1. Of the conditions (1) in a loop (DSSP other than H, G, I, E, B); (2) in contact with a Lys or Arg (Cβ under 8 Å, 6 or more places away or on another chain); (3) open to solvent by less than 40 Å² (accessible area, probe 1.4 Å); (4) of a type in the set (A, V, I, L, M, F, W, C), MET1 satisfies every one except a single condition; which number is it?
2. Report, by residue number, each residue of the stretch 59-73 that is open to solvent by 50 Å² or more (accessible area, probe 1.4 Å) and either touching a helix residue (DSSP H, G or I) at 6+ places or on another chain (Cβ under 6 Å) or among the acidic types (Asp, Glu) (or both).
3. Taking the options PHE48, PHE34, name whichever one is aromatic (Phe, Trp, Tyr) and over 18 Å from GLU86 (Cβ atoms).
4. Taking GLU39 as the residue in question, decide whether it is of a type in the set (Asp, Glu), touching a Ser or Thr at 6+ places or on another chain (Cβ under 9 Å) and farther than 16 Å from ALA91 by Cα.
5. For the stretch 1-28, what are the residues that are of a type in the set (Lys, Arg) and closer than 16 Å to ASP90 by Cα?
6. Only residues that are open to solvent by 60 Å² or more (accessible area, probe 1.4 Å) and either closer than 14 Å to LEU37 by Cβ or among the charged types (D, E, K, R) (or both): list them for the stretch 94-104, please.
7. Determine whether LYS89 is of a type in the set (D, E, K, R), on the phi < 0 side of the Ramachandran plot, in contact (Cβ under 8 Å) with a residue 60 or more places away in the chain and touching a helix residue (DSSP H, G or I) at 6+ places or on another chain (Cβ under 7 Å).
8. Out of PHE48, PHE34, PHE78, PHE56, I need the residue that is farther than 15 Å from ARG6 by Cα, touching a Gly at 6+ places or on another chain (Cβ under 7 Å), open to solvent by less than 60 Å² (accessible area, probe 1.4 Å) and of a type in the set (A, V, I, L, M, F, W, C). Which one?
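The values are calculated or read from the model by the stated rules, or taken from the named source; none is laboratory data. Note that the structure is a prediction, hence the values are computed from the model and not measured. Note that we place each Cβ from the backbone using ideal geometry, even for glycine, and neighbour counts take in every protein chain shown. For the accessible areas, the whole protein counts, side chains as well, though only heavy atoms, and no ligand, DNA or RNA atoms are used. Shrake-Rupley method; radii C 1.70, N 1.55, O 1.52, S 1.80 Å.
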Amino acid sequence: MVSNDRFKEMALSLPGVEERPHFDRAAFKTRVIFATLHESSHTANIKFNEVDQSVFCEFEKGVFPVPNKWGQQGWTTFELDKVPEELVKDALETAYRETLNKKK
């Protein structure tokens, strides 16, 4: 289980990451948003490429594509009360690295 505060701490520990409001969520970004946190539902959405999304979704219950066009673009929901901290940390680092690769 990952608390909202712990999720923020992990996301903000990555170099150059900023937290910004994004509608009813907190967004974590470098140049682009790679993760959002919806505190009241205790869920996070993390952006992956297609391969990484399928791997994370197969690995753990409580991880699934956002059920709309956003999910088809790689956005993946993590139910933070059902997912181990190490998996969330790995997911954040994976999404973060992907945004850095796209900047080049």
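1. The failed condition is (3).
2. PHE64, PRO65
3. From the options PHE48, PHE34, the qualifying one is PHE34.
4. Values: of a type in the set (Asp, Glu): yes; touching a Ser or Thr at 6+ places or on another chain (Cβ under 9 Å): no; farther than 16 Å from ALA91 by Cα: yes.
In short, no.
5. ARG6, LYS8
6. Selection gives ARG97, LYS102, LYS103, LYS104.
7. Working: of a type in the set (D, E, K, R): yes; on the phi < 0 side of the Ramachandran plot: yes; in contact (Cβ under 8 Å) with a residue 60 or more places away in the chain: yes; touching a helix residue (DSSP H, G or I) at 6+ places or on another chain (Cβ under 7 Å): yes.
It is true that LYS89 is of a type in the set (D, E, K, R), on the phi < 0 side of the Ramachandran plot, in contact (Cβ under 8 Å) with a residue 60 or more places away in the chain and touching a helix residue (DSSP H, G or I) at 6+ places or on another chain (Cβ under 7 Å).
8. On the way: PHE34 fails: touching a Gly at 6+ places or on another chain (Cβ under 7 Å); PHE78 fails: farther than 15 Å from ARG6 by Cα; PHE56 fails: touching a Gly at 6+ places or on another chain (Cβ under 7 Å).
From the options PHE48, PHE34, PHE78, PHE56, the qualifying one is PHE48.
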